[in-house]
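This report refers to the structure that appears directly beneath it.
The values are calculated or read from the model by the stated rules, or taken from the named source; none is laboratory data. What you see is a predicted model, and the numbers here were worked out from it, not measured in a lab. Every residue, glycine as well, gets a Cβ built from its backbone with ideal geometry; the counts of neighbours run over all protein chains shown.
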Amino acid sequence: MLESLSIEDIQQVTNSAAKSVIDLHGSMDKNSIDSAAVNAMRQVLNQIAMAGTVVIGEGQKDNAPMLRSGEKVGTGIGIAVDIAVDPIDGTSLVAKGKTGAVSLIAFSPANTMFNPEDNFYMLKLVTGYEAATKISLSKPLLENLHIIAEVKSKKLHDLVVNVLRRPRHEKLGSELQALGIKVRFFDDGDVTAALVTCLPDSKVDAMIGIGGSPEAVIAAAGVIALGGNIQTQIVSRAHIESFTQDPLKIFNLPVLTKYDLIHSNNVLLSITGVSDNEIVNGLKRQGNKILSDTLIIGRLSHGPLMLRL
């Protein structure tokens, strides 16, 4: 069980990756940012007493420096775990000196994480615990939104929805806004945009749209820990084009739930802020020190875990 992993070690993985890029904010050098974070993360991972296998190594779809899928990390002695990483979720945000970037790593027991392989994109619907058992991508999007509103005792026009700012989502945003729904567009970093829907007292009710498959698996760890739900469908280029034109349609595709993405309740996720975002604060310099903010979310044998370090 993941209880044998040190919380301090897990925090240090994302903390080291975040701090490695503090001097690269605004550099416009995405490869240097990815490379620094990957190297820092790998160095710490290889010092942890575990037999880790990287299942999700973010960077593959854009040929960025990465921890490779199938790479073995850790000392090789200890618990066997699957690992999903995104050393910098929001590399372009760091490159442009913008807010919203984080460093992420998720753990689950060995052979429990879904590997999307060359399927880089998924349609995603994420919401918190209130509607977790009621939503489904096999239902029309509008029906899901009505369900979320009803269980939260809200009107449809009271809902707040996170949507990734991409051309494929322009019509989706317009359709939602026409219904009176408040759309919060974000530039990058859809793991935090997904997880914020599940946090206690969050003002965001759902995240909707097409984003990266690796990020969906990482988000699933936090969603499981927080009791929410993420529903996904693997989509092709043709599906993305169809969605761009008609974002409210139903795709006749298999639906993957959070337990398809990670088929275990035993999960740990570390999130360290690189720049300020809606879950954790970004890095700050104080004299010769760098102050960081990390949120550890998990579900262990003794129950849920939420710890800020």
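Looking across M41, M28, M1, one residue alone is under 23 Å from G78 (Cα atoms), surrounded by fewer than 17 Cβ atoms within 10 Å (Cβ to Cβ) and not basic (K, R). It is M1. Taken over the stretch 204-226, the residue count meeting the criterion of being part of a loop (DSSP other than H, G, I, E, B) and modelled with pLDDT under 95 is 0.
Scanning the stretch 224-245 for residues that are surrounded by fewer than 11 Cβ atoms within 10 Å (Cβ to Cβ) and without any contact (Cβ under 8 Å) to a residue 40 or more places away in the chain yields a total of 2.
Going through (1) surrounded by fewer than 18 Cβ atoms within 10 Å (Cβ to Cβ); (2) touching a Pro at 6+ places or on another chain (Cβ under 8 Å) one by one, K96 falls short only on (2). When S242 is tested against (1) among the polar types (S, T, N, Q); (2) touching a helix residue (DSSP H, G or I) at 6+ places or on another chain (Cβ under 8 Å); (3) not in a strand (DSSP E or B), only condition (2) is not met. V44 falls short on exactly one of the conditions (1) more than 28 Å from C198 (Cβ to Cβ); (2) in a helix (DSSP H, G or I), and that condition is (1). The residue of the stretch 109-122 that is surrounded by the fewest Cβ atoms within 10 Å (Cβ to Cβ), among those that are over 25 Å from I208 (Cβ atoms) and of a type in the set (S, T, N, Q), is N111. Can you name every residue in the stretch 162-178 that is assigned to a loop (DSSP other than H, G, I, E, B) and either without any contact (Cβ under 8 Å) to a residue 12 or more places away in the chain or crowded, with 16+ Cβ neighbours inside 10 Å (or both)? Matches in the stretch 162-178: R166 only.
The set of residues in the stretch 1-41 being farther than 19 Å from V267 by Cβ, outside any helix (DSSP H, G or I) and under 22 Å from the mean Cα position of the chain (by Cα) consists of S20, V21, H25. For the stretch 62-75, the criterion of a residue being in the same structural domain as S270 (by TED's automatic domain parsing), more than 30 Å from R285 (Cα to Cα), at pLDDT below 90 and part of a helix (DSSP H, G or I) is satisfied by at least one position. Consider the stretch 84-102 and keep the residues that are in contact with a Lys or Arg (Cβ under 7 Å, 6 or more places away or on another chain) and of a type outside the set (A, V, I, L, M, F, W, C). The one that is farthest from V274 (Cα to Cα) is S92. Consider the stretch 267-291. How many of its residues are among the hydroxyl-bearing types (S, T, Y) and more than 17 Å from the chain's Cα centre (by Cα)? Total meeting the criteria: 0.
Taken as a whole, the structure leaves V183 outside the set of residues that are more than 17 Å from the chain's Cα centre (by Cα), of a type in the set (A, V, I, L, M), assigned by TED's automatic domain parsing to the domain that holds L125 and under 30 Å from R68 (Cβ atoms). Of all residues in the stretch 90-117, those that are farther than 21 Å from V223 by Cβ have Cβ atoms under 9 Å from Cβ atoms of residues that are in a strand (DSSP E or B), 6 or more apart or on another chain, in V94/I88. For the stretch 240-250, the criterion of being aliphatic (A, V, I, L, M) and closer than 17 Å to I56 by Cα is met by no residue. Looking across the stretch 179-203 at every residue that is hydrophobic (A, V, I, L, M, F, W, C) and part of a strand (DSSP E or B), the one that is nearest to E130 (Cα to Cα) is identified as V183.
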